[in-house]
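Take a look at the structure below.
Bear in mind these aren't lab numbers, they're just calculated from the coordinates by the rules spelled out. Keep in mind the model is a prediction, meaning the values are calculated, not measured. Using ideal geometry, Cβ is built from the backbone for each residue, glycine included, and neighbour counts are taken over all protein chains shown.
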Amino acid sequence: LHLTNAQVGLVFSAFAYPYLIYQIIGGWLSDRFGARLVLIVSAIVWAVATLLTGFAAGLGTMLGARVLLGFGEGATFPAATRAMADWTLPKNRGFSQGIAHSCARLGNALTPPLVVWLMALMTWRGSFFILGIISLGWALMWAWYFRDDPRDHPGITLAELEALPTYTHRGKARQYPVPWLRLASRMLPVTAVYFCYGWTLWLYLAWIPSFFIHNYGLALANSAFFSAGVFLAGVLGDALGGELSDWILKRTNDLNKARRNLVCVSYLCSLAFMVPLLFLHDLTRATVCLSIAFFFTEFTVGPMWAIPMDIAPRYSGSASGFMNTGSALAAILSPLIFGYVVDKTNNWELPFIGSIVLLFLGSIAAFWMKP
């Protein structure tokens, strides 16, 4: 579409405005009406937005499709957290969140080479049409298979029901109104720490393929495979971080050690492997550093997303919505600033300084979290 880097950054960030607004609203809706209905509607909206992206003719229509996508995806992680709170044991919260988010990163890893293949097969517009149709198929599968109340699922066993938390939400949403002020004050430090994570996440999601193309002169297909390798490191980080967090909790029965301390150490490890990017100009070494840094960044996701369930299990959708507003705000700012800095300096490593600084600040702010 012949857009500048700053315009591309605007397209990336346009998604995040409704994504930010819908975090708390979507979390509250999932607490009020259940994760099943919220995710059915969300999936249909994001599928339609994906289809419309294939029809984009310029900056304006691309921005419109991205805004609609933000509305569709805004409620997804808070609603998923609501579902996990009803379907998992407290001791397995980090693991369940880690697995869910590792699958999100698996999508990030598989999508670049998949879309390059689809573009060669049926143009870039066709790739969006195919992915939109697949998303509609997911909505149908979710509606058919998932139930908010484990007791309603035909595959559940009596032993599993006895182990799971008691489901209390059917017909009782009005009986337990969300304590907004108390919840907001408790979640504010968590939101700030998650903003520091989100800054790096959205930098990776929005710019890593372009980083390989423009900084190292790679062809589109090669850039897609290098990007996939970086995101696969995140898949491992998500899964292992959640598992380790739960293992520490079972050994120590201390949520501060299992959640907060693990986040702090992971932030410091991530920034340590990001610093060499400012001095390295070798493709292989830079890719290794990017991958290890992203591994440790994602290592924090399982424990971070377990914290809303630890703090407010009855209001876990609303609580996780509060937390994810931090990442959503970063999704607005990070791609815009990256694109602006690159346009002004033509230096593709310089924006990583922002991630280094914020990861350091996040490691300090983590000690204000009270899981």
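Can you find, among Val11, Ser355, Ser245, the residue farthest towards the positive end of the dipole of the chain? Put +1 on the C-beta of Lys and Arg, -1 on that of Asp and Glu.
The Cα lying farthest towards the positive end belongs to Ser245.
I want to check the label-to-label distance for Glu243 and Met141. Put each point 7 Å from Cα in the C-beta direction and report it in nm to one decimal.
The modelled label-to-label distance comes out at 2.3 nm.
Work out from phi, with θ = phi - 60° and the Karplus expression 6.51 cos²θ - 1.76 cosθ + 1.60, the ³J(HN,Hα) of each residue of the stretch 117-131, listed in order in whole Hz, and give x for Gly and Pro.
5, 5, 5, 5, 7, 8, 6, 5, 5, x, 4, 5, 4, 5, 5
Would you calculate a helix-derived [θ] at 222 nm for the chain, using -39,500 (n - 2.57) for each DSSP H run of n ≥ 4 and dividing by the full residue count, to the nearest 500? Don't skip to the end; give the middle numbers.
Numbers: 14 runs with 288 residues, N = 371.
Taken over the chain, the calculation gives -27000 deg cm²/dmol.
From the residues Phe212, Ser135, Ala75, which one has its Cα farthest along the dipole of the chain in the positive direction, the dipole being from +1 and -1 charges on Cβ of Lys/Arg and Asp/Glu about the Cα centre?
Ala75
Of the labelled options [x] 21.0; [y] 23.0; [z] 25.4, which one gives Kirkwood radius over Cα pairs in Å as computed for this structure?
Comparing each candidate, only [x] matches the computed number.
Pull out the extension gain between Asn253 and Arg285, defined as 0.36 nm times the separation in residues minus the alpha carbon to alpha carbon distance; nm, one decimal.
Values: separation 32, 0.36 × 32 = 11.52 nm, distance 3.95 nm.
7.6 nm is the gain from fully extending Asn253 to Arg285.
Using the alpha-carbon atoms, what tilt in degrees (0 to 90, nearest 10) does helix 352-365 show relative to the longest principal axis of the chain?
Rounded to the nearest ten degrees, it is 20.
Determine the sum of side-chain charges near Phe55: Lys and Arg each +1, Asp and Glu each -1, restricted to other residues whose C-beta is under 15 angstrom from that of Phe55. Can you show the working numbers first?
Numbers: positive: Arg66, Arg125; negative: none.
Every neighbour counted, the sum reads +2.
Using a simple charge model, +1 on the beta-carbon of Lys and Arg, -1 on the beta-carbon of Asp and Glu, nothing else, what dipole does the chain show about its Cα centre, in debye to the nearest 20?
Working: 24 positive and 17 negative charges, 159 e Å.
In total the dipole reaches around 760 debye.
In degrees between 0 and 90, to the nearest 10, how far off the longest principal axis of the chain does helix 262-274 point, with axes built from Cα atoms?
Compared with the principal axis, the helix lies near 10 degrees.
State to the nearest 20 debye the size of the charge dipole of the stretch 74-224 about its Cα centre, where the only charges are +1 on K and R beta carbons and -1 on D and E beta carbons.
Working: 12 positive and 6 negative charges, 82 e Å.
With Lys and Arg at +1 and Asp and Glu at -1, about 400 debye.
In the stretch 81-238, if the dipole is taken from +1 on Lys/Arg beta carbons and -1 on Asp/Glu beta carbons about the Cα centre, which of Pro179, Leu114, Gly126 is farthest to the positive end?
Value: Pro179.
With r as the distance between the Cβ atoms of Asp152 and Lys344 and R0 = 45 Å, compute the FRET efficiency 1/(1 + (r/R0)^6) and round to 0.05. Walk me through the numbers before you get to the answer.
Working: r = 56 Å, r/R0 = 1.25.
Once rounded, the FRET efficiency stands at 0.20.
What is the packing order of peptides 187-198, 80-91, taking the mean over residues of other C-beta atoms within 10 Å and listing the highest first? Don't jump to the answer; show the numbers that get you there.
Values: 187-198: 24.1, 80-91: 21.5.
Descending mean neighbour count gives 187-198, 80-91.
Using the alpha-carbon atoms, what tilt in degrees (0 to 90, nearest 10) does helix 180-216 show relative to the longest principal axis of the chain?
30
Defining a contact as two alpha carbons under 8 Å apart and six or more residues distant in sequence, what relative contact order in percent does the chain show?
Details: 671 pairs, mean separation 113.4, N = 371.
Relative contact order comes out at 31 percent.
Which shape class, rounded, prolate or oblate, goes with the stretch 215-280 when its Cα gyration tensor gives a ≥ b ≥ c as root eigenvalues, a/c under 1.5 marks rounded, and past that a/b bigger than b/c marks prolate?
Taking the square roots of the gyration eigenvalues as a ≥ b ≥ c, the stretch 215-280 is oblate.
At a Förster radius of 41 Å, what calculated FRET efficiency corresponds to the Cβ-Cβ distance of Leu161 and Lys370, to the nearest 0.05? Walk me through the numbers on the way to the answer.
Details: r = 31 Å, r/R0 = 0.77.
Computed FRET efficiency for Leu161 and Lys370 comes out at 0.85.
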